[in-house]
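The values are calculated or read from the model by the stated rules, or taken from the named source; none is laboratory data. On a predicted model such as this, the values are computed, not experimentally measured, just so you know. Neighbour counts run over all protein chains shown; Cβ positions are idealised from the backbone, glycine included.
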Amino acid sequence: MSIEFSEIYNKIKKQLPAIDLLNDIKSCSLKDIRFITKTSNLEQKDILYVGKASQLENIKSNKNLGNFIIYNDSNENVDGSFTNIAEVKDEEDLYTAFNLIKDMFVKDMKVSNPASTLLKSLAQGKGLKYLLKIGAETLNNPVILIDANFSIISYSNNKHISDEIWSKNIQTGYCSYEFIAEVQKLKSVRNSPSNNEPFIVTCDASPIKRVVSKVMLNSKFIGYLLLLECGDTITEDHLELFKVLNSAITEELKNNSLYGNIKGLKYENLIYDLLEGKIDSEEIARERMKNAEFSFGVNLFVLTISLSEYSAKSTQGRNLKENIEKLLIASKSVFYKEDIVILVDMKDNKINDKDFITKIEGFLQDNNLKAAISSKFSRLIELNNNYLDSKKALDISKSLNRTNNFIKYDDYKFYALLGNISGDIKKYCHPAVLKLIEFDKSNSTDYFETLKTFLINNQNTNLTSERLFIHRNTLNYRIAKIKEIIGLELKDSEEIFNISYTYKLLEFLGYKSLNWTEK
């Protein structure tokens, strides 16, 4: 908590125009304001002193004075060397200035107070992972939350854990029986308080100090919150803030119905680690899945629901998460980087099932959302790559101005491939299509769109004429004319493929007259 002298001066100047600087402003962060007294140490550079010029008479020769706002109660000019000094013209203004500045410090304290930050993040519904992250940043030490059975619920991943024992526990997702047995023997654990009051735990196995606080939900003990001294030395101030963090986490667990069963949180931590690429062993991933008490097979998909443009409040976002899990029975979901990321276990053919698609599209439409589903995969450690694929499909769909709200990555693989091509992509276009574009420009025709629709509908004249709202005879005339222009009969499958991918390529390049409609 600190405020620059220049910020304070500018604030006062707006309400007290008569205040003037007596030297050039120097950058200086101030932490408090005090009246000048006989015992004041006026060399403290982080304190702003308020008083009268006569109180400085005996220290004019001192060259290390700090920051001042004074009322000149004598006829002499104020002399001496100061970091910063300003003068008011009226004694009453001195007290007005003091009150204004004190209000600034009080406001800054409320905004900057770490406990306030934690409570604010709780009120915003940003979730357990975010609370632990903020707590670790503020305490400058890693924080871990475990349940009563010593399984890892969640942890802060923004502070390095130099404690090898807990680093291993996090990697496996739970504490071994041997570890638990040794912990239970510790006197500090056996004699620990029955409430959430922090207590210190040390053991011979690690020199790192640990502060532990019990997490109590509705007066029931459900787990432990740990603070590891891997960064700053833990002080009494840390302990007070640690208690605030415990209270914030307890409220989060209480307010979120998903946390009713504390064990349900273990899968969140597993999915976060998979998304961050922190697990490279399928065996460990599967073992942690079992420990999290859910069982997925090898028919895996990632469904990503983008929340980047979602306007509802975060509490409604929680309901979205719950509702989608009800819709997808064999699924587990987390909030991740403005998305709801859902790991789904289902049979491959269900992705193309009309009833399934109708339900998903209806849900997304009702909530004004877009979602993309990845290709099928079988290994948990492939979750991150498939999440990135689903995100890519969302981005491509947006760039192509697609209106459908349920997107399959498999339908966008060709566009994803184009994104990896360097140089002029237009050179890969089939010349027949480019010839049609030039003909349309010169003759005000629409053969480009006609051929596109004809190919989309597998060269079915009835469907094509219906889509284009033209008579079948008119279509036949156009197709004959198109064949004449491009010099092709449209019978060779390879030729048709090359023409079809050119349409997609031009759409990817943003050809303005294209409106490629998905079947």
Practice prompt. Take the range 393-424 and flag every residue that is surrounded by fewer than 19 Cβ atoms within 10 Å (Cβ to Cβ), assigned to a helix (DSSP H, G or I) and either within 22 Å of the chain's Cα centre (by Cα) or of a type in the set (D, E, K, R) (or both).
Written response: ASP395, LYS398, ASP410, ASP411, LYS413
Worksheet entry | Selected residue (only one of LEU258, LEU327, LEU300 is modelled with pLDDT under 85 and outside the structural domain of LEU128 (by TED's automatic domain parsing)) | LEU327
Worksheet item: Looking only at the range 433-469, which residues are surrounded by 17 or more Cβ atoms within 10 Å (Cβ to Cβ), among the β-branched types (Val, Ile, Thr) and more than 17 Å from THR502 (Cα to Cα)?
Response: THR464
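State yes or no: is GLU91 modelled with pLDDT of 85 or more and out of contact with any helix residue (DSSP H, G or I) (no Cβ under 9 Å at 6 or more places or on another chain)?
On the way: modelled with pLDDT of 85 or more: yes; out of contact with any helix residue (DSSP H, G or I) (no Cβ under 9 Å at 6 or more places or on another chain): yes.
In short, yes.
Under the condition of being charged (D, E, K, R) and more than 16 Å from ASP20 (Cβ to Cβ), which residue from the range 80-106 is surrounded by the most Cβ atoms within 10 Å (Cβ to Cβ)? Break it down into steps so the answer makes sense when it comes.
If we filter the range 80-106 for residues that are charged (D, E, K, R), which is where we start, we get 87, 89-93, 102-103.
Next cut, more than 16 Å from ASP20 (Cβ to Cβ) only: 92, 102-103.
On the way: GLU92: 10, LYS102: 14, ASP103: 11.
Result: LYS102.
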Worksheet item: Is the range 138-154 home to any residue that is assigned by TED's automatic domain parsing to the domain that holds PRO198, at pLDDT 85 or above and in a helix (DSSP H, G or I)?
Response: yes
Worksheet entry | the range 261-296 - residue that is at pLDDT 85 or above and outside any helix (DSSP H, G or I) and, of those, surrounded by the fewest Cβ atoms within 10 Å (Cβ to Cβ) | ASP280
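This table checks each residue for (1) at pLDDT 80 or above; (2) surrounded by 14 or more Cβ atoms within 10 Å (Cβ to Cβ); (3) touching a helix residue (DSSP H, G or I) at 6+ places or on another chain (Cβ under 9 Å); (4) in a strand (DSSP E or B).
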site: PHE179; (1), (2), (3), (4): no, yes, yes, no
site: GLN184; (1), (2), (3), (4): no, no, yes, no
site: SER188; (1), (2), (3), (4): yes, yes, no, no
site: SER192; (1), (2), (3), (4): yes, yes, no, no
site: VAL211; (1), (2), (3), (4): yes, yes, yes, yes
site: MET216; (1), (2), (3), (4): yes, yes, yes, yes
site: LEU225; (1), (2), (3), (4): yes, yes, yes, yes
